[in-house]
Amino acid sequence: MEFLAQIEQSGLAVWIRESPSIFAYATVLAIHTWGLALIVGLSAVVALRTLGFASGVAFLPLGSFFPLMWVGFWLNAVSGVLLLMIDARLFLTMPTFYIKLLAIALAITSLRLLRNEVLGEGSGAGKTVASAKGKALAGATLLFWLVGVTAGRVTAYDAYIGWETAGAVLVLGTLLLLGGQFGARVLRGGGRAERATMSTFPSGR
Amino acid sequence: MESFLRYILRWPILEQFIQAYAWVWPLAEVMHFVGLALLIGTVGLFDLRLLGVGKGLAVAPVRRLLPWGVFGFVLCVTSGSLFVGGLWANIAVHPYDVLIVNGFLQTKLIFIGLAGLNLLAFSLTGMSRAVDAIGPGEDAPPLAKVIAGASLFLWFGVIYMGRLIVWGNLAL
């Protein structure tokens with residue numbers, strides 16, 4: 001605790017926390033959001049493609065976007081450490097923060113496994129449908145990111161509100177998922193020719 | 001005009017909802033972040049492809065991902081409207097006053113508008129149609145690249161300005 005208090009009082013932490021400049025705390029937060037957009041956004045797209053959406057998109061070239069995901073990851077690792085430093089004792093004694101870190105570790109792990117499974121050397125170039133294992137990893141990646149983003153967001157609230165929010169995210173997410181399934185079924189209700197053009201939604205495979 | 005805007009921007013029913021349930025505001029924040037990730041993931045990937053990243057992808061199939069970006073945008077507009085309409089419940093400041101003095105919010109809204117005009121230009125210049133013919137390994141026309149670059153700049157700018165909004169109403 002003494003050590004953490006010293007970190008909070010370090011020149012860098014004090015500047016980020018207390019400077020009125022928008023290039024201090026505000027910009028570190030903004031960079032943290034940019035990083036989120038890159039790593040979560042791009043990996044979510046790869047996961048959605050793996051689940052069967054936009055099935056015309058080839059798998060292998062998606063590998064070109066992974067370096068940008070790692071840029072997002074490292075932007076957030078660095079900005080995250082800075083944000084941790086300014087309130088170290090608070091964050092490191094908060095269960096929500098550890099849930100966030102665990103969710104990120106699991107999301108990155110499943111993303112890497114997904115890459116090997118679907119975009120890797122031996123994954124069979126040119127195929128258009130991912131393996132069941134690939135789809136499971138894609139689902140896991142999306143789920144872990146949702147947990148990570150939610151946990152990260154609610155570090156700004158007390159634990160009780162955090163759990164309430166997690167419940168609300170779960171309910172809303174389930175409703176949207178069911179609504180999407182229903183909507184897809186309605187859209188697919190047309191004739192065969194029409195259905196063929198509706199490749200936005202994955203087929204029943 | 002001012003009294004009209006003051007009337008339509010404040011939504012008492014939203015304020016009551018936010019005050020009654022502590023999870024409403026953070027839920028909207030999560031929606032906002034998930035939405036922006038989906039928007040940047042899909043629109044950003046499309047723009048990057050036009051700029052030459054992931055050139056092995058044909059462009060037309062990538063377009064099929066864009067409904068997810070629209071979904072992300074809808075999540076952001078829904079939650080963002082809640083932040084505006086229900087602002088009073090959070091910080092007891094009228095949204096009209098924030099809209100009038102907060103340069104970051106103004107810039108963010110202008111950037112979103114410009115992103116819309118950029119999309120319109122993509123369509124009107126015929127680029128939207130032209131890029132559909134781009135196969136694996138092929139380059140996009142220079143104009144399409146300019147539009148894609150502008151789109152990336154504007155959306156990342158929207159995120160930056162959005163994050164600064166909280167620092168923008170210090171004058172109040």
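The values are calculated or read from the model by the stated rules, or taken from the named source; none is laboratory data. In this text, all values refer to a predicted model and were calculated from it rather than measured experimentally. Cβ coordinates were reconstructed from backbone atoms using ideal geometry, including for glycine residues, and neighbour counts include every protein chain displayed. Please note that ligands, DNA and RNA were not included when accessible areas were found on the heavy atoms of the full protein model with its side chains. Shrake-Rupley method; radii C 1.70, N 1.55, O 1.52, S 1.80 Å.
Some values worked out for this structure:
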| read-out | value |
| --- | --- |
| Some residue of the stretch A:71-93 being open to solvent by less than 20 Å² (accessible area, probe 1.4 Å), of a type in the set (Lys, Arg) and part of a helix (DSSP H, G or I) | no |
| Sole residue being away from every other protein chain (no Cβ under 11 Å), in contact (Cβ under 8 Å) with a residue 24 or more places away in the chain and aromatic (Phe, Trp, Tyr), chosen from A:97, A:53 | A:97 |
| Search result, residues across the stretch B:1-51 that are closer than 30 Å to residue B:151 by Cβ, in contact with a Ser or Thr (Cβ under 6 Å, 6 or more places away or on another chain) and of a type outside the set (Val, Ile, Thr) | B:26, B:27, B:28, B:31, B:32, B:47 |
| Residue among A:29, A:12, A:36 that is facing chain B (nearest Cβ under 10 Å), surrounded by fewer than 20 Cβ atoms within 10 Å (Cβ to Cβ), in contact (Cβ under 8 Å) with a residue 12 or more places away in the chain and within 21 Å of residue B:167 (Cα to Cα) | A:29 |
| Selection count where residues are assigned to a helix (DSSP H, G or I) and open to solvent by 20 Å² or more (accessible area, probe 1.4 Å), scope the stretch B:81-95 | 9 |
| Whichever residue in the stretch B:146-170 is small (Gly, Ala, Ser) and surrounded by fewer than 20 Cβ atoms within 10 Å (Cβ to Cβ) and, among such residues, is nearest to the other protein chains (Cβ to nearest Cβ) | B:157 |
| Residue tally, condition closer than 19 Å to residue A:172 by Cβ, within 8 Å of another protein chain (Cβ to nearest Cβ) and of a type outside the set (Asp, Glu), over the stretch B:25-50 | 10 |
| Matching residues in the stretch A:56-70 - criterion: being more than 7 Å from every other protein chain (Cβ to nearest Cβ) and either over 13 Å from the mean Cα position of the chain (by Cα) or closer than 19 Å to residue B:68 by Cβ (or both) | A:59, A:63, A:66, A:67, A:68, A:69 |
| Test: residue in the stretch B:121-133 that is touching a residue at least 24 places away in the same chain (Cβ under 8 Å), β-branched (Val, Ile, Thr) and open to solvent by less than 80 Å² (accessible area, probe 1.4 Å) | yes |
| Checklist (1) within 14 Å of chain B (Cβ to nearest Cβ); (2) open to solvent by 70 Å² or more (accessible area, probe 1.4 Å) applied to residue A:113, failing item | (1) |
| Some residue of the stretch B:51-62 being under 22 Å from residue B:109 (Cβ atoms) and at the interface with chain A (Cβ under 9 Å from one of its Cβ atoms) | no |
| Test: residue in the stretch B:107-117 that is free of Cβ contacts under 8 Å to residues at least 12 places away in the same chain, among the hydrophobic types (A, V, I, L, M, F, W, C), surrounded by fewer than 19 Cβ atoms within 10 Å (Cβ to Cβ) and within 17 Å of residue B:76 (Cα to Cα) | yes |
| Any hit, the stretch B:21-32, residues being closer than 14 Å to residue A:49 by Cβ, in a helix (DSSP H, G or I) and open to solvent by 10 Å² or more (accessible area, probe 1.4 Å) | no |
| Residues being part of a helix (DSSP H, G or I) and touching a residue at least 40 places away in the same chain (Cβ under 8 Å) - total across the stretch A:128-170 | 17 |
| Residue match in the stretch A:15-29 (condition: under 21 Å from residue A:108 (Cβ atoms) and either under 16 Å from the mean Cα position of the chain (by Cα) or in a helix (DSSP H, G or I) (or both)) | no |
| Among (1) open to solvent by less than 30 Å² (accessible area, probe 1.4 Å); (2) at the interface with chain B (Cβ under 10 Å from one of its Cβ atoms); (3) under 18 Å from residue A:46 (Cα atoms) - the single one residue A:146 does not satisfy | (1) |
| Those residues of the stretch A:15-26 which are open to solvent by 20 Å² or more (accessible area, probe 1.4 Å) and touching a residue at least 40 places away in the same chain (Cβ under 8 Å), in sequence order | A:17, A:25 |
| Boolean, residue A:21 is in contact with a Lys or Arg (Cβ under 9 Å, 6 or more places away or on another chain) and at the interface with chain B (Cβ under 10 Å from one of its Cβ atoms) | no |
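Conditions (1) among the charged types (D, E, K, R); (2) open to solvent by less than 40 Å² (accessible area, probe 1.4 Å); (3) modelled with pLDDT of 80 or more; (4) over 20 Å from residue A:57 (Cβ atoms), marked per residue:
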position: A:106; (1), (2), (3), (4): no, no, yes, yes
position: A:119; (1), (2), (3), (4): no, yes, yes, no
position: A:124; (1), (2), (3), (4): no, yes, no, no
position: A:169; (1), (2), (3), (4): no, yes, yes, yes
position: A:172; (1), (2), (3), (4): no, no, yes, yes
position: A:182; (1), (2), (3), (4): no, no, yes, yes
